[in-house]
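Trainee: Got a structure for you, questions after.
The values are calculated or read from the model by the stated rules, or taken from the named source; none is laboratory data. These numbers were taken from a predicted model, which means no experiment stands behind them. When we count neighbours, we look across all protein chains shown, and the Cβ atoms used for this are built from the backbone with ideal geometry, even at glycine. To get the accessible areas, we keep the full protein, side chains included, count just its heavy atoms, and leave off ligands, DNA and RNA. Shrake-Rupley method; radii C 1.70, N 1.55, O 1.52, S 1.80 Å.
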Amino acid sequence: MKNLVVFDLDGTLAESKLAIDAEMAALLNSLLGIVKVAIISGGAWQQFETQVLALLSNGEGLANLSLLPTCGTKFYRYEHGWRPLYSEDFDQAQREKIIRSLKQATGSLELNLEKVWGATIEDRGSQITFSALGQQAPLEEKKKWDPDFGKRNKIKAVLDELIPEFTVRLGGATSIDVTKHGIDKAYGIRKLRDLLDIPIDQMIFVGDALFPGGNDYPAKQAGALSIEVRDPHETKRVIEAIIACL
């Protein structure tokens with residue numbers, strides 16, 4: 001028996017940085033009526049608000065929903081409004097070193113950025129993210145900038161030398177995430193186990209990057225039954241199947 005369904009956000013429930021559509025919202029509302037649901041993403045809390053919560057019904061089902069921004073270093077539950085259970089943020093010295101190193105690493109390489117849309121460095125409290133084309137870049141521009149990960153792997157190699165005390169990972173279509181060591185979706189899965197008192201073998205994880213090296217792969221390594229999807233359309237069919245089985 002599976003008692004918790006866990007989703008990645010970008011590429012799984014919605015296209016990168018875009019809101020879930022009406023069909024996805026209806027399916028999630030139905031799923032929340034019968035089982036506990038969690039969403040884990042490297043994104044900040046504000047992305048959860050605009051991409052997911054703004055489209056969901058404000059009903060009793062929200063009590064079944066857990067939200068884990070920045071891979072579980074923040075944890076939100078619904079109790080007469082959304083409340084953070086904890087937030088494991090960087091201190092000021094750590095924050096300054098990471099931002100300085102990101103600027104140094106990206107400035108040392110020829111990235112050929114003809115245009116950016118918004119800020120390229122975002123402080124998410126417990127994670128600092130570099131988005132090569134900016135936070136508001138169009139999806140089509142992001143998809144074609146670094147499809148083989150080559151550009152970001154060069155930046156990562158420099159950062160691994162500059163800040164070895166932190167973990168550097170590729171995330172999304174154009175981004176690089178910097179966290180404390182041990183922070184990934186496996187960390188989020190274990191937080192769900194501890195706070196919801198649900199064994200990992202009673203969880204299903206759904207994500208679009210479950211291949212080795214993908215940012216969803218740690219959830220699979222943690223032991224959750226994992227279902228890889230290509231895009232939000234395929235996720236909808238998975239949700240329909242889960243609802244039918246439950």
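Residues checked against (1) free of Cβ contacts under 8 Å to residues at least 24 places away in the same chain; (2) among the aliphatic types (A, V, I, L, M); (3) under 24 Å from GLU49 (Cα atoms):
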| residue | (1), (2), (3) |
| --- | --- |
| LEU68 | no, yes, yes |
| TYR78 | yes, no, yes |
| LYS97 | no, no, no |
| ARG100 | yes, no, no |
| LYS103 | yes, no, no |
| GLY107 | yes, no, no |
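Trainee: Just checking, how many residues over the stretch 1-38 are touching a Pro at 6+ places or on another chain (Cβ under 9 Å) and closer than 12 Å to LEU68 by Cβ?
Mentor: Total satisfying the criteria: 0.
Trainee: Take the stretch 87-97 and flag every residue that is surrounded by 13 or more Cβ atoms within 10 Å (Cβ to Cβ), out of contact with any strand residue (DSSP E or B) (no Cβ under 6 Å at 6 or more places or on another chain) and not basic (Lys, Arg).
Mentor: Matches in the stretch 87-97: GLU88, ASP89, PHE90, GLN94.
Trainee: Please work out which residue is surrounded by the most Cβ atoms within 10 Å (Cβ to Cβ), limiting yourself to the stretch 98-130 and to residues that are touching a Ser or Thr at 6+ places or on another chain (Cβ under 9 Å) and on the phi > 0 side of the Ramachandran plot.
Mentor: Applying the filter and picking the extreme gives GLY125.
Trainee: For PRO84, which of the numbered conditions (1) part of a strand (DSSP E or B); (2) in contact (Cβ under 8 Å) with a residue 60 or more places away in the chain; (3) over 19 Å from LEU162 (Cβ atoms) fails to hold?
Mentor: The single condition PRO84 does not satisfy is (2).
Trainee: Can you list residue pairs whose Cβ atoms sit under 7 Å apart, with the first residue in the stretch 186-202 being open to solvent by 30 Å² or more (accessible area, probe 1.4 Å) and the second being aromatic (Phe, Trp, Tyr) and outside any helix (DSSP H, G or I)? Count only pairs 6 or more apart in sequence or on different chains.
Mentor: Partner pairs satisfying both residue conditions: LYS191/PHE75; LEU195/PHE75.
Trainee: Sticking with this one: Of the residues ALA209, ALA222, which is surrounded by 17 or more Cβ atoms within 10 Å (Cβ to Cβ), without any contact (Cβ under 8 Å) to a residue 60 or more places away in the chain and either of a type in the set (Gly, Ala, Ser) or over 18 Å from GLN127 (Cα atoms) (or both)?
Mentor: Result of the check over ALA209, ALA222: ALA222.
Trainee: For the stretch 227-246, which positions are more than 13 Å from THR12 (Cα to Cα) and surrounded by 15 or more Cβ atoms within 10 Å (Cβ to Cβ)?
Mentor: Of everything in the stretch 227-246, those that are more than 13 Å from THR12 (Cα to Cα) and surrounded by 15 or more Cβ atoms within 10 Å (Cβ to Cβ) turn out to be ILE242, ILE243.
Trainee: For the stretch 53-65, name all the residues that are more than 26 Å from PRO199 (Cα to Cα) and open to solvent by less than 20 Å² (accessible area, probe 1.4 Å).
Mentor: Scanning the stretch 53-65 gives a single hit, LEU56.
Trainee: How many residues are crowded, with 17+ Cβ neighbours inside 10 Å, in contact with a strand residue (DSSP E or B) (Cβ under 9 Å, 6 or more places away or on another chain) and among the charged types (D, E, K, R) if we restrict to the stretch 1-16?
Mentor: 2
Trainee: Can GLY42 be described as modelled with pLDDT under 95, under 20 Å from MET203 (Cβ atoms) and not in a helix (DSSP H, G or I)?
Mentor: Here the answer is yes, as GLY42 does meet what is asked.
Trainee: Check LEU65, LEU133, LEU55, LEU113 and return the single one that is among the aliphatic types (A, V, I, L, M) and under 17 Å from GLY171 (Cβ atoms).
Mentor: Result: LEU133 is the single residue among LEU65, LEU133, LEU55, LEU113 that is among the aliphatic types (A, V, I, L, M) and under 17 Å from GLY171 (Cβ atoms).
Trainee: May I pose another question? Here are some residues: LYS115, LYS103. Which one is assigned to a loop (DSSP other than H, G, I, E, B) and charged (D, E, K, R)?
Mentor: It is LYS115.
Trainee: Please pick out the residue among ALA26, ALA38, ALA19 that is on the phi < 0 side of the Ramachandran plot, open to solvent by 50 Å² or more (accessible area, probe 1.4 Å) and in contact with a helix residue (DSSP H, G or I) (Cβ under 8 Å, 6 or more places away or on another chain).
Mentor: Testing whether each residue is on the phi < 0 side of the Ramachandran plot, open to solvent by 50 Å² or more (accessible area, probe 1.4 Å) and in contact with a helix residue (DSSP H, G or I) (Cβ under 8 Å, 6 or more places away or on another chain) leaves just ALA19.
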